Amino acid sequence: MSTPVASNPTKKKSLRVLYADDLRELRQLLEVVLGREGHKVDSVSDGHLALKLISANPSAFDVVITDHHMPTVSGLELVARLREMNYTGRIIVFSSELSEAVDASYRKHKVDFILPKPVFPSDLRALFATL
């Protein structure tokens, strides 16, 4: 008689992530780092494209990560529009330069995390382990 194999209780939840950043190299790096952790990452080059994807299917992503400075729709505009759409997932902002006023604006929109660039892979993995 065979013993059933128990599921692995330490297995991490795989999250569906949308990353908006105008720098292709950063999008590729994040796809690799989070992909190795078992997460599915889609990336786009600006906030406008992110809004199109989320508008088409608001529950398609568990986490949205956005850069602050992007063409067409900035990170702050993206976050504001996500909140207007009642997006229920987590929102993470990456930025190399946030003033106190911009930081306060993101907090007003109840972003979950604001991380300064450069974001190191180990820090990102540690953050995702808490989600």
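The values are calculated or read from the model by the stated rules, or taken from the named source; none is laboratory data. Computed from a prediction, not measured in an experiment: that's the story for all the values here. Using ideal geometry, Cβ is built from the backbone for each residue, glycine included, and neighbour counts are taken over all protein chains shown. Quick note on the areas: whole protein, heavy atoms, side chains included, nothing else; ligands and nucleic acids left out. Shrake-Rupley method; radii C 1.70, N 1.55, O 1.52, S 1.80 Å.
What the table shows:
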quantity: Selected residue [in contact with a strand residue (DSSP E or B) (Cβ under 9 Å, 6 or more places away or on another chain), charged (D, E, K, R) and in a loop (DSSP other than H, G, I, E, B)] from 103, 22; calculated: 22
quantity: Hits in segment 69-95 (condition: modelled with pLDDT of 90 or more, of a type outside the set (Lys, Arg), open to solvent by 80 Å² or more (accessible area, probe 1.4 Å) and farther than 24 Å from residue 25 by Cβ); calculated: 84, 88
quantity: Qualifying residues in segment 96-114 (those that are modelled with pLDDT of 90 or more and hydroxyl-bearing (Ser, Thr, Tyr)) - the one farthest from residue 127 (Cα to Cα); calculated: 105
quantity: Qualifying residue in segment 92-113 (condition: in contact with a Ser or Thr (Cβ under 8 Å, 6 or more places away or on another chain) and without any contact (Cβ under 8 Å) to a residue 24 or more places away in the chain); calculated: no
quantity: Per-region count, segment 96-111, residues loosely packed, with under 15 Cβ neighbours inside 10 Å and over 14 Å from residue 21 (Cβ atoms); calculated: 8
quantity: Members of segment 30-68 that are surrounded by fewer than 18 Cβ atoms within 10 Å (Cβ to Cβ), touching a residue at least 40 places away in the same chain (Cβ under 8 Å) and under 16 Å from residue 120 (Cα atoms); calculated: 37
